[in-house]
1. Within the stretch 106-142, can you find the residues that are modelled with pLDDT under 85, within 15 Å of Asp45 (Cβ to Cβ) and of a type in the set (A, V, I, L, M)?
2. Would you confirm whether or not the stretch 69-91 contains a residue that is buried (at least 16 other Cβ atoms within 10 Å of the Cβ), modelled with pLDDT of 85 or more and closer than 23 Å to Phe210 by Cβ?
3. Can you tell me which of Arg31, Arg15, Arg55 is surrounded by 16 or more Cβ atoms within 10 Å (Cβ to Cβ) and either among the charged types (D, E, K, R) or touching an Asp or Glu at 6+ places or on another chain (Cβ under 9 Å) (or both)?
4. Go through (1) touching a Leu at 6+ places or on another chain (Cβ under 6 Å); (2) at positive phi and name the single condition Gly145 misses.
5. What number goes with the only condition from (1) within 21 Å of the chain's Cα centre (by Cα); (2) loosely packed, with under 12 Cβ neighbours inside 10 Å; (3) under 16 Å from Thr99 (Cβ atoms); (4) not aromatic (Phe, Trp, Tyr) that Lys142 does not pass?
6. Of the residues Leu1, Leu41, Leu11, which is in contact (Cβ under 8 Å) with a residue 60 or more places away in the chain, part of a loop (DSSP other than H, G, I, E, B) and not aromatic (Phe, Trp, Tyr)?
7. For the stretch 18-28, how many residues meet the condition of being among the aliphatic types (A, V, I, L, M), in a helix (DSSP H, G or I) and surrounded by 16 or more Cβ atoms within 10 Å (Cβ to Cβ)?
8. Being closer than 14 Å to Glu104 by Cα and in a helix (DSSP H, G or I) is the filter here; which residues of the stretch 134-173 pass it?
Amino acid sequence: LTGKTEEELPLTRKRFKEARYVDEVYPFVWRNFSDAGYITLYAEDAARIGTFTYRLKVGFKDQPTDHYMRTFFQKAEEMLSNLKCLGSVPLHKEWFRYTSEFMERYSAPKFLLAFHSLLSHDDINLVEVADEDTMLHLKNLKESGAFDNALVIVMADHGHRFAEFRATHQGQLEERLPFFSLSLPKRFREGSGRTAWKNLKINKERLVVFYEICFYALCAVQ
């Protein structure tokens, strides 16, 4: 989300006195989108083990994006013993509802990063619970026209690290090679982005790292 390695960035790890808040020193990609007039959203459902809070200094000093879900899930973790559901509704379905409403709410361009991990973090077999709902969520957004002018990425951050499946050859591969998919709008693929689309299809057979995806995203917003 910065286009840089941790070694290239200022120190932010918890146990160091000189550690800084991440938003004070990290050049997050969503800032480029904000500067270009985008409405931004960053959300994680695991407040206790969040990307920028688990091993880094308390995360963000200020709210990083226009919409930010951390305070909601902090309170939910205090009040609920099991976050698989909110009331009678599965958490992932509430997640989809919230992101769909965000997409519908604004006519301005939008940057949305939603990281859902509570369902599968401790048991990889629970992922299938959300299979059909995920398909319907993406299908509904596509049919509504939300993806007509959008770069859409669906991905995992890593495979399972500690289940029995991890001991298999397939599990070893998936831990370091998680699922990643990317969709570009048809008018971009067939118009101004024809060359970029051609290169992307070639590069899918090569080693491509997340820094390159960040680079393409920055090129798009510029």
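1. The answer is Leu118, Leu119, Leu126, Val127.
2. For the stretch 69-91, residues buried (at least 16 other Cβ atoms within 10 Å of the Cβ), modelled with pLDDT of 85 or more and closer than 23 Å to Phe210 by Cβ: present.
3. Every option except Arg31 fails the conditions.
4. If we test Gly145 against (1) touching a Leu at 6+ places or on another chain (Cβ under 6 Å); (2) at positive phi, just (1) comes out false.
5. All conditions pass for Lys142, except number (2).
6. Leu1
7. Residues flagged as among the aliphatic types (A, V, I, L, M), in a helix (DSSP H, G or I) and surrounded by 16 or more Cβ atoms within 10 Å (Cβ to Cβ) within the stretch 18-28 amount to 1.
8. Across the stretch 134-173, the qualifying residues are His137, Leu138, Asn140, Leu141, Lys142, Glu143, Ser144.
The values are calculated or read from the model by the stated rules, or taken from the named source; none is laboratory data. Just so it is clear, the structure is predicted and the values come from calculations on it, not from any experiment. Virtual Cβ from ideal backbone geometry, glycine too; neighbours counted across all protein chains shown.
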